[in-house]
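**Q** Can you keep this structure in mind? I'll have questions shortly.
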Amino acid sequence: MLEIKKGSWGKIFTGVLVFIFIFPLEESREEEHNKVKNGYVEQIVYADWFGKECLRIDLYHTADAKSEVVGLDEIVVEPKWVGTTENLIDPFDYGNYRFKVFDGKTKKLIYKRGFCTLLSEWRTTPESQYIKRTMGESLRMPLPLKPVIVVLEARGKNGEFHEIFHLGIDPSSTLINRTEALKKFEVISIMENDLPPSNRVDITILPEGYTKKHREKMIEDAKRFGRILFSSSPFSKWKEKFAINLVVAFSEETGSDEPRKGIFRDTVLDTSFNTFNAERYLTTANNKIIREIGSYAPYDVVVIMVNSSRYGGGGIYNFWSIYTSDGEYSDYVALHEFGHLFAGLGDEYFSSGGGYDEDEFYPPGVEPWEPNLSAFLGKKREGIKWKDMILPDVPLPTPPSEEWKGKVGLFEGAGYKSKGLYRGFFDCRMFHKGSVPFCPVCEKAIEKMIQYYTGKINP
């Protein structure tokens, strides 16, 4: 790909298209930044810019602790876009990465979305200091009607975003993969919803470690996930805004890999415990198969349900969440990990157990992007994300005493650190393993995300 000279004529050669454009990226970025800074998020009229299908950009991302490079795998058209058609410019700026989509001719920003990846977590581990790893990831957006520029940005240790990759796409290109998926997988509606897809949240459940003899168990486990989700506030209050589908995909063997025990199983999604050498961290690095199977039931978010009784799981914002179906704490894990995936909630407990360097994960002196964590920089109430929920008589920081346990405040200890990071409530599902509900701060963040997906408001 030819390097683009900012503010000058350029050509993009991607193997997908060639087109000439004038695109001063820096100027456009500054203009967009100023609009957001001033509390203005421009409404984009969906029909002016996008069609009914979904465009998926599959990437290979190679990195170590200090550097990263991104390459194109392929561009795919999926049959249906079910995401928001109202809030096309993501107002949250959550995630360690975000991508922006600009009209190729006018440089107008027409789409933006934040996300995290498994690779971004791995980059905070000691292993990343001496080797590079490559993992796949996908950018999903509605199919543009005209040529666009896609710009991928990474969040630096200072909390600011910087560009790491850009790509020109002509949606009419014959080199874009438009292969229609064969009727290879059955899709079962676990919870139907007659609302238009753009006004609801579509959850797709992908099964892992279920053989053909486990078909009925798979369906019942998926239904149980729905019961777990909607028995918990605030999801219970918004049940009518959700739809859940199950893609019936069988594995050859039951369960998931357990490397510490020398157990490796033939499963459809390649999940594994012991990620980053953490006993319970259950993930998969096989992004491609998740996106391909998930496309059979167009989705906003993907939940992976593993047929296992072992305690474990994982959740990554706007990427996927994983839990085991039959563990003692399966209900807790399913909701906790879904909180990461859906609303970008951070862990509020003190010890990661995940092999991370906590100062790499949350650099000192930098405000975390997660809506339920704060570094309390400047030691001022105005800098706390949930300041409007804190009563005037609540001391900051807030003592962990009986007097304040039931009030929103600023409790020290969060994000794998006992000192220097704060949470908004004494106890919460993001803090405590068990049947503790989401705290008011996390509930508010979840509700904002529901409203984002359903087009109710532009938060």
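The values are calculated or read from the model by the stated rules, or taken from the named source; none is laboratory data. Values in this document were obtained by computation on a predicted structure and should not be read as measured data. Cβ coordinates were reconstructed from backbone atoms using ideal geometry, including for glycine residues, and neighbour counts include every protein chain displayed.
**Q** So, Val82, is that one under 15 Å from Tyr452 (Cβ atoms), in contact with a Pro (Cβ under 8 Å, 6 or more places away or on another chain) and surrounded by 20 or more Cβ atoms within 10 Å (Cβ to Cβ) or not?
**A** Here the answer is yes, as Val82 does meet what is asked.
**Q** Would you check if Glu412 is outside any loop (DSSP other than H, G, I, E, B) and surrounded by fewer than 22 Cβ atoms within 10 Å (Cβ to Cβ)?
**A** For Glu412, the condition - outside any loop (DSSP other than H, G, I, E, B) and surrounded by fewer than 22 Cβ atoms within 10 Å (Cβ to Cβ) - is met.
**Q** Within the group Asp103, Asp93, Asp58, which residue is acidic (Asp, Glu) and without any contact (Cβ under 8 Å) to a residue 60 or more places away in the chain?
**A** Answer to the selection: Asp103.
**Q** Just give me the residues in the stretch 116-131 being hydroxyl-bearing (Ser, Thr, Tyr), outside any loop (DSSP other than H, G, I, E, B) and within 18 Å of the chain's Cα centre (by Cα), in sequence order.
**A** Across the stretch 116-131, the qualifying residue is only Ser120.
**Q** Right, here's the next one. Consider Glu402 carefully, then state whether it is surrounded by fewer than 17 Cβ atoms within 10 Å (Cβ to Cβ), touching a residue at least 40 places away in the same chain (Cβ under 8 Å) and among the charged types (D, E, K, R).
**A** Spelling it out, it is not the case that Glu402 is surrounded by fewer than 17 Cβ atoms within 10 Å (Cβ to Cβ), touching a residue at least 40 places away in the same chain (Cβ under 8 Å) and among the charged types (D, E, K, R).
**Q** While we're looking at this one, here's another question. Show the residue pairs meeting these rules: Cβ distance below 7 Å; 6+ apart or different chains; first residue within the stretch 227-242 and in the same structural domain as Ile190 (by TED's automatic domain parsing); second residue part of a helix (DSSP H, G or I) and of a type in the set (Val, Ile, Thr).
**A** As it stands, the answer is Pro234/Ile446; Trp238/Ile450; Lys241/Ile450; Lys241/Thr454, since those pairs meet every condition given.
**Q** Ok, one more. What residue, among those in the stretch 145-156 that are touching a residue at least 12 places away in the same chain (Cβ under 8 Å) and not in a strand (DSSP E or B), is surrounded by the fewest Cβ atoms within 10 Å (Cβ to Cβ)?
**A** Top of the filtered list is Leu145.
**Q** Follow-up question, since we're still on this one. When you go through Gly344, Gly378, Gly327 one by one, which is the residue that is on the phi > 0 side of the Ramachandran plot and touching a Gly at 6+ places or on another chain (Cβ under 8 Å)?
**A** Gly344
**Q** Sticking with this one: With the requirement that a residue be touching a helix residue (DSSP H, G or I) at 6+ places or on another chain (Cβ under 7 Å), surrounded by fewer than 22 Cβ atoms within 10 Å (Cβ to Cβ) and at pLDDT 95 or above, what does the stretch 430-443 give you?
**A** Pro440
**Q** Being acidic (Asp, Glu), assigned by TED's automatic domain parsing to the domain that holds Lys100 and within 25 Å of Met449 (Cβ to Cβ) narrows it down to one of Glu121, Glu192, Glu163, Glu127, so name that one.
**A** One residue alone meets the criteria, Glu121.
**Q** Using beta carbons and a limit of 6 Å, which pairs, at least six apart or on different chains, have the first residue in the stretch 411-432 and within 17 Å of Pro397 (Cα to Cα) and the second one among the charged types (D, E, K, R) and crowded, with 24+ Cβ neighbours inside 10 Å?
**A** Hits for this filter: Phe411/Arg423; Ala414/Glu348; Ala414/Arg423; Arg423/Glu348.
**Q** Tell me, yes or no, whether the stretch 202-224 has at least one residue that is assigned to a strand (DSSP E or B), aliphatic (A, V, I, L, M), surrounded by fewer than 20 Cβ atoms within 10 Å (Cβ to Cβ) and over 22 Å from the mean Cα position of the chain (by Cα).
**A** Looking through the stretch 202-224, none of the residues is assigned to a strand (DSSP E or B), aliphatic (A, V, I, L, M), surrounded by fewer than 20 Cβ atoms within 10 Å (Cβ to Cβ) and over 22 Å from the mean Cα position of the chain (by Cα).
**Q** Does the stretch 197-212 contain any residue that is modelled with pLDDT of 95 or more and farther than 29 Å from Val77 by Cα?
**A** Yes, the stretch 197-212 has at least one match.
**Q** Looking at Glu121, Glu160 in this structure, which one is under 27 Å from Glu337 (Cα atoms), without any contact (Cβ under 8 Å) to a residue 12 or more places away in the chain and not small (Gly, Ala, Ser)?
**A** One residue alone meets the criteria, Glu160.
**Q** Could you please let me know if Gly159 is small (Gly, Ala, Ser), within 22 Å of the chain's Cα centre (by Cα) and in a helix (DSSP H, G or I)?
**A** So Gly159 does not fit the description; no.
**Q** Still on this structure, I have one more. Checking the condition assigned to a helix (DSSP H, G or I) and at pLDDT below 95, which residue from Asp331, Asp359 passes?
**A** The match here is Asp359.
**Q** Which ones in the stretch 67-79 are at pLDDT 95 or above and surrounded by fewer than 19 Cβ atoms within 10 Å (Cβ to Cβ)?
**A** Ser67, Glu68, Val69, Val70, Gly71, Leu72, Asp73, Glu74, Val77
**Q** Among the numbered criteria (1) at pLDDT 95 or above; (2) outside any strand (DSSP E or B); (3) surrounded by fewer than 16 Cβ atoms within 10 Å (Cβ to Cβ); (4) β-branched (Val, Ile, Thr), which single criterion is violated by Thr134?
**A** (2)
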